[in-house]
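Below is one structure, written out as structure tokens; the observations come after it.
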Ligand SMILES: [Zn+2]
């Protein structure tokens, strides 16, 4: 199941190399080249079908210094500038995980910290993003197992850590994490290099 992507179009700058250049604010979802949009919300609130893909997002550089916070310069392919002027928002779905938005980090981490305190790797209806999704927590141990105590918690190794909502595909990934002893039974194996939690969570067999 895909995850929601929404971008508020704040202005059309022009066209360059076959792409429409817009100023836009990401309302929800990833901002990666290639994300598709299939619906446009017009100025009067009605919706129209579109077929658009992001070509490039310019987040840094001299030309962006005067942009308001959160506004990106985005290049979109598949629609001309004139047609896009009446568009207020673009909506679509993406198949990949949606990395937690910085503004949402505090409630997201609070939910997963509570799971770690309760020593559980799944929690139904626990997602701060969508409210209804089941949260999953996964660890790997990379390298030799070892034993030590960290803030009163027994640890068994160092590895990686994935957080994931099965409903809205929101996710977070940590490339280095301490693995608590209680989670040892749920450690996933043979996941070298994977950031995408969808495949990793499947290995938990839950
Ligand atoms: Zn969710």
Report task. Would you be able to tell me the number of residues in region 82-98 that are touching a strand residue (DSSP E or B) at 6+ places or on another chain (Cβ under 6 Å) and surrounded by fewer than 16 Cβ atoms within 10 Å (Cβ to Cβ)? Result -> 3
Requested in this report: Go through (1) at pLDDT below 85; (2) closer than 19 Å to residue 101 by Cα one by one and return the number of the condition residue 7 breaks.
Outcome: (1)
Query raised in the report: Restricting the first residue to region 127-138 and requiring it to be at pLDDT below 90, which pairs with a second residue that is part of a strand (DSSP E or B) and near the ligand (Cβ under 7 Å from one of its atoms) meet a Cβ separation below 8 Å and a spacing of at least six or different chains?
Result: 129/165; 129/170; 130/165; 130/170
Query - Candidates 195, 160, 184, 176 - the one that is more than 14 Å from the ligand (Cβ to nearest atom), in contact (Cβ under 8 Å) with a residue 12 or more places away in the chain, outside any strand (DSSP E or B) and closer than 27 Å to residue 28 by Cα - result: 195
**Report entry** Residues that are surrounded by fewer than 15 Cβ atoms within 10 Å (Cβ to Cβ) and away from the ligand (no atom under 13 Å from the Cβ), drawn from region 113-135
**Finding:** 113, 114, 117, 118, 119
Report task. Could you tell me whether region 105-115 includes any residue that is part of a strand (DSSP E or B) and either outside the structural domain of residue 195 (by TED's automatic domain parsing) or in contact (Cβ under 8 Å) with a residue 60 or more places away in the chain (or both)? Result -> no
Report task. Can you tell me which residue among 85, 91 is over 22 Å from the mean Cα position of the chain (by Cα) and at pLDDT 85 or above? Result -> 85
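The values are calculated or read from the model by the stated rules, or taken from the named source; none is laboratory data. Everything numeric in this text was worked out from a predicted model, so none of it was measured. Note that we place each Cβ from the backbone using ideal geometry, even for glycine, and neighbour counts take in every protein chain shown.
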